[in-house]
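Data first, discussion second: the structure below is written as structure tokens.
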Number of protein chains: 2
Amino acid sequence: MISVVIVGFGNVGQHLYRAFKNAIDVDVVQVFSRSKLDNTEDIAITHDLNDLAKADLYIIAVPDDAIAEVSGQLPFKDRLVTHTSGSVAMKALSNSNRKGVFYPLQTFSKDHEVDFKEIPICFEAQENQDAELLESLGEMISEKVVQIPSEERAQLHLAAVFVNNFTNHLYHLSEAYLTENGVDFDLLKPLIKETARKIEGLSPNDAQTGPAKRDDKMTIAKHLDLLKNDYYKKIYKTLTQSISRTHGKKL
Amino acid sequence: MISVVIVGFGNVGQHLYRAFKNAIDVDVVQVFSRSKLDNTEDIAITHDLNDLAKADLYIIAVPDDAIAEVSGQLPFKDRLVTHTSGSVAMKALSNSNRKGVFYPLQTFSKDHEVDFKEIPICFEAQENQDAELLESLGEMISEKVVQIPSEERAQLHLAAVFVNNFTNHLYHLSEAYLTENGVDFDLLKPLIKETARKIEGLSPNDAQTGPAKRDDKMTIAKHLDLLKNDYYKKIYKTLTQSISRTHGKKL
């Protein structure tokens, strides 16, 4: 049995809490939250860092820029303290405790359940024994648990911004554009799903299609003409040039 | 029974052929292909437009810039001739025949099967009776068949470029970046799948997360520092600005 305290109860904290609750051999002994919570009858909650319970592991799930500060406010020494961030280095944690990272590589939203089994858990720790504990904990909730040093984790997180944040923004731009023109965005949903599904068995390079790949100047000109908004035009041009460059010059 | 001749046997032509073959009440009487084909024992194939068989409907599935020319070379008059392109107007077809469009809104690759039932078929025709035939044909292979005029189809196609071509290119850039750094791109695949899945029940605007949305300048600066390549930097900046603009100013 691994005992855990979750420090911070935002999106990541809450999703981790539910995943641990459903796992065997993990005991979430306490949750720290700055704010009052609803519907928390069965959660042992504290609002005071000085009241933190004893546990094998403390998981700090707070905004990136608060990790160092919160880790420095913990009222104990030499325990295992981890954060859950993709972009913050392990060394950012306070030197008072043993350091580690427990980063679930996924996008979390309120009111949208995810299947933790499929979520890669990227962990690291200063000490081997702590790394083993984090690995065991990861394997209780996920089928993909990998040891990744801080630098590679930062690269993964950056790549995740491309495939998640930027991609979702392209969905948004499409929806805004179609809605403005009275066309149903739902018609694109099968294409969106298939675009993601396709690369499970095909490299994105081989999956690429479209006017930029074909160097179809006529269609590109038509599209730029349809886009009245300069912000859209800029994104269209930037990505079209990048596709041309990739597929023309064979990087 | 609707009889169909498919003119052009590239990706779209071949996928349509297989969908029609699996459907009841559609008879693909012939396929035209400029090039010789392998494994076509049971397809009635011709390489000469002058040998085209008689059918209720001719579906021209050739590259966009060849549609007008091929439609002008058909050796008959007053039959129903359609193309399958998202971006070419119906009027681009030759005036010799009755015009229509039969556009399956999906990305097609060789050796990658798709489930046609989920693919929206966007059709239009000059004459009501032809529109009815195209609608019936669509319903034999798909559960989502909609009449869409040329202008809206062009807008849909443009939006499809954003959610498919551009998104897939972001996948590619991420893969290239991670591979260059010795990190396994497969770790991102659950995130990619979830990003697409999430917007089935959530608007992309509500699904947006990440440093640009949070205005997290520290992480953005770290990311730009990690990206040594100017092309990547440009894409990162362009999309980050666009997210800031969307979520900061509430467009």
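The values are calculated or read from the model by the stated rules, or taken from the named source; none is laboratory data. Since the model is a prediction, treat every value here as computed from it, not as a measurement. Note that each Cβ is placed from the backbone with ideal geometry, even for glycine, and that neighbours are counted across all protein chains shown. Accessible surface is based on the protein model in full, side chains and every heavy atom, while ligands, DNA and RNA are left aside. Shrake-Rupley method; radii C 1.70, N 1.55, O 1.52, S 1.80 Å.
Can you pull the semi-axes for the protein assembly as shown, root of five times each eigenvalue of the Cα gyration tensor, sorted largest first, whole Å?
Values: eigenvalues 533, 95, 80 Å².
Taking √(5λ) for each Cα gyration eigenvalue gives 52, 22, 20 Å.
For the pairing of chain B with chain A, what total accessible surface becomes buried, with a 1.4 angstrom probe, in square angstrom to the nearest 100?
Details: alone 15440 and 15440 Å², together 22170 Å².
Buried area (both sides, nearest 100 Å²): 8700 Å².
May I ask you to list the aspartates and glutamates whose Cα is less than 17 Å away from that of B:Lys234, ignoring any residue fewer than eight positions away on the same chain?
Within reach: A:Asp230, B:Asp225.
Along the Cα-to-C-beta direction of B:Gln147, a point sits 7 Å from the Cα; which residues of segment B:93-120 have their amide N less than 16 Å from that point?
Those under the cut-off are B:99-103.
List, in order, the whole-Hz ³J(HN,Hα) value for each residue of segment B:66-77 obtained from phi through the Karplus relation with A = 6.51, B = -1.76, C = 1.60 and θ = phi - 60°; use x for Gly and Pro.
Using θ = phi - 60°, the values come out as 9, 4, 4, 5, 4, 5, x, 8, 5, x, 8, 10 Hz.
Peptide B:201-214: average number of partner chain Cβ atoms within 10 Å per residue?
Average neighbour count from other chains, rounded to a whole number: 6.
At 7 Å along the Cα-to-beta-carbon direction for both B:Asp206 and A:Asn229, put a label point, then send me their distance in nm to one decimal.
It is 2.0 nm.
State the Cα centre-to-centre distance between segment A:20-79 and segment A:198-237 in whole Å.
46
Per residue of A:118-124, count partner chain C-beta atoms within 10 Å of its C-beta, then hand back the mean as an integer. Numbers along the way, then the final one.
On the way: counts 5, 3, 7, 0, 1, 0, 0.
If you average over the peptide's residues, the count of other-chain Cβ atoms is 2.
Per DSSP helix of 4 or more residues, -39500 (n - 2.57); summed, then divided by the residues of chain B. What does that give at 222 nm, rounded to the nearest 500? Spell out each step's value before the answer.
On the way: 10 runs with 104 residues, N = 251.
Calculated from helices alone, the mean residue ellipticity at 222 nm is -12500 deg cm²/dmol.
Work out from phi, with θ = phi - 60° and the Karplus expression 6.51 cos²θ - 1.76 cosθ + 1.60, the ³J(HN,Hα) of each residue of segment B:126-137, listed in order in whole Hz, and give x for Gly and Pro.
Those phi angles translate into 5, 10, 3, 5, 5, 4, 4, 5, 5, 5, 4, 4 Hz.
Rg and Dmax of chain B, using alpha carbons, in Å: what are they?
22.2, 67
For B:Lys21, list the aspartates and glutamates whose Cα falls under 20 Å from its own Cα; do not include residues on the same chain fewer than 8 positions away.
Output for B:Lys21: B:Asp38, B:Glu41, B:Asp42, B:Asp56, B:Asp111, B:Glu113, B:Asp115, B:Glu118, B:Glu135, B:Glu139, B:Glu143.
Points 7 angstrom from Cα along the Cβ direction at B:Glu139 and A:Glu118: gap in nanometres?
3.3
Please give the average number of partner chain Cβ atoms lying within 10 Å of the Cβ of each residue in B:224-237, rounded to a whole number.
So the per-residue partner count for this stretch is 3.
Mind checking the angle between helix B:217-226 and chain B's longest principal axis? C-alpha axes, 0 to 90 degrees, to the nearest 10.
The helix B:217-226 is inclined about 70 degrees to chain B.
Kindly state, as a whole number, the per residue volume in cubic angstrom of the convex hull around the alpha carbon atoms of segment A:40-120.
Looking at segment A:40-120, the number lands at 127 Å³ per residue.
Just to verify a number: FRET efficiency for A:Lys54 and B:Arg197, C-beta to C-beta distance, R0 = 30 Å, to 0.05?
0.15
Once you have a ≥ b ≥ c as the square roots of the Cα gyration tensor eigenvalues for segment B:1-85, tell me rounded if a/c is under 1.5, and otherwise prolate or oblate according to whether a/b is larger than b/c.
Taking the square roots of the gyration eigenvalues as a ≥ b ≥ c, segment B:1-85 is rounded.
Which entries of A:Lys237/B:Lys237; A:Lys117/B:Lys193; A:Lys99/B:Lys228; A:Lys217/B:Lys237 show an alpha-carbon separation above 19 angstrom in the structure shown?
Exceeds cut-off: A:Lys99/B:Lys228; A:Lys217/B:Lys237.
Can you list the residues of segment B:38-79 with backbone N under 19 Å from a point 7 Å past the Cα of B:Asn95, pointing along Cα to Cβ?
Answer for this model: B:67-79.
Given the options B:Leu188, B:Leu105, B:Val31, identify the residue whose Cα lies farthest towards the positive end of the charge dipole of chain B (+1 on Cβ of Lys, Arg; -1 on Cβ of Asp, Glu).
The listed residue farthest towards the positive side: B:Leu188.
Any idea how far apart B:Arg18 and A:Asp186 come out in nm if each label point goes 7 Å out from Cα toward Cβ?
It works out to 2.8 nm between the two label points.
Using r as the Cβ-Cβ distance of B:Glu127 and A:Asp38, and R0 as 60 Å, what FRET efficiency do you calculate, to the nearest 0.05?
Efficiency, rounded to the nearest 0.05: 0.50.
How large is the charge dipole for the protein assembly as shown, taken about the Cα centre, if only the Cβ atoms of Lys, Arg (+1) and Asp, Glu (-1) carry charge, to the nearest 20 debye?
Here the size comes out at about 1840 debye.
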